[in-house]
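Colleague: Let me begin by handing over the structure; questions about it come next.
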Amino acid sequence: MRKQNLWRHAVLITVTVFALVPILFVVSAALNPLGTLNSAELLPTGASLDNARKLFADPDHDFKRWFFNSVFISLFSSAASVLIGLCAAYAFSRMRFKGRRAGLLWVLVTQMFPQFLAIVTIFIIFTRITELYPSIGFDTPWGLMLLYLGGALGVNTYLMKGFLDTVPKEIDESATVDGATHAQIFWRIIVPLVTPVLAVTTLLAFISTMNEFLMANIFLRDDASKTLAVGMFGMLGPDSRDTNFGMFAVGTLITAVPTVGIFLWLQRYIVSGLTMGAVKG
């Protein structure tokens, strides 16, 4: 029996080591007082928090501003995309209207093409928008949020539409007989029942927005409007790649805090959705 389980333990240990070694390396680089790439080692000597102090006190890199921009944009865009996507998913799942099948097909097709393929077109559109409405153009968080909303709505809508199809329509019919309107059915019945998929979609949207670099690097050129991904990328320039590595490692660890916090907050909703209906009462 032990021999049969030996290979399972070996695989588990290998996967665990493979996952933990990069994290340990980043933690050791953050605690390394020298703070350089050449001096990075798995077990640093004389560990200290000097890199963290340098990061927050560095006048050339406004890390606190980058952190606020990333969290603000991620929270707002993920919440807005989930809300709009849920409304669209409810319409596709519960209502019958002309163009419904074509709309669903269009939502599915748009998921097959990455948003970066339209970067030239989007750039031209935002150039014109910046001239007419500077408050939602380049170097503004609102413009970047609009950009993220357009890329996330297709995926969120299709994901939540599939989950809504599993909710019995008899519930809606019973509520309609009792005199409930579509708004009352949506907010008081449907939303509580689909909380698990809302939690998963919100988590995925937050992670993708928090870690997004390519679009943000193109549309955010002002240092005060940069997100964490763009700002920290600038810390590893050709002339400062070695000297700023310790501060970069500290920033990487701090960047993971909001994501872990959102996951812990939404975990109970995800678990409740997985166990829903598993026990007969």
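Colleague: So how many residues does segment 172-184 have that are in contact with a helix residue (DSSP H, G or I) (Cβ under 6 Å, 6 or more places away or on another chain) and over 11 Å from R94 (Cα atoms)?
Modeller: 1
Colleague: Kindly indicate which of D165, D172 is surrounded by 14 or more Cβ atoms within 10 Å (Cβ to Cβ) and charged (D, E, K, R).
Modeller: Answer to the check: D172.
Colleague: Tally time: how many residues in segment 154-178 are in a helix (DSSP H, G or I), under 16 Å from R188 (Cβ atoms) and aliphatic (A, V, I, L, M)?
Modeller: Residues meeting the conditions: 4.
Colleague: On to the next question. Test of understanding: among T181, T140, which residue is of a type in the set (S, T, Y) and within 24 Å of L220 (Cα to Cα)?
Modeller: Matching residue, one of T181, T140: T140.
Colleague: Is it the case that segment 122-132 has a residue that's surrounded by 11 or more Cβ atoms within 10 Å (Cβ to Cβ), touching a helix residue (DSSP H, G or I) at 6+ places or on another chain (Cβ under 6 Å) and either within 24 Å of F163 (Cβ to Cβ) or at pLDDT 85 or above (or both)?
Modeller: no
Colleague: Right, here's the next one. I'd like the residue in segment 1-40 that is surrounded by 12 or more Cβ atoms within 10 Å (Cβ to Cβ) and in a loop (DSSP other than H, G, I, E, B) and, out of all such residues, is modelled with the highest pLDDT.
Modeller: Looking at residues that are surrounded by 12 or more Cβ atoms within 10 Å (Cβ to Cβ) and in a loop (DSSP other than H, G, I, E, B), I get N32.
Colleague: Would you please name the residue that is farthest from V191 (Cα to Cα), looking only at residues in segment 67-101 that are modelled with pLDDT under 85 and of a type in the set (A, V, I, L, M, F, W, C)?
Modeller: F97
The values are calculated or read from the model by the stated rules, or taken from the named source; none is laboratory data. Quick caveat: nothing in here was measured; it's all calculated off a predicted structure. When we count neighbours, we look across all protein chains shown, and the Cβ atoms used for this are built from the backbone with ideal geometry, even at glycine.
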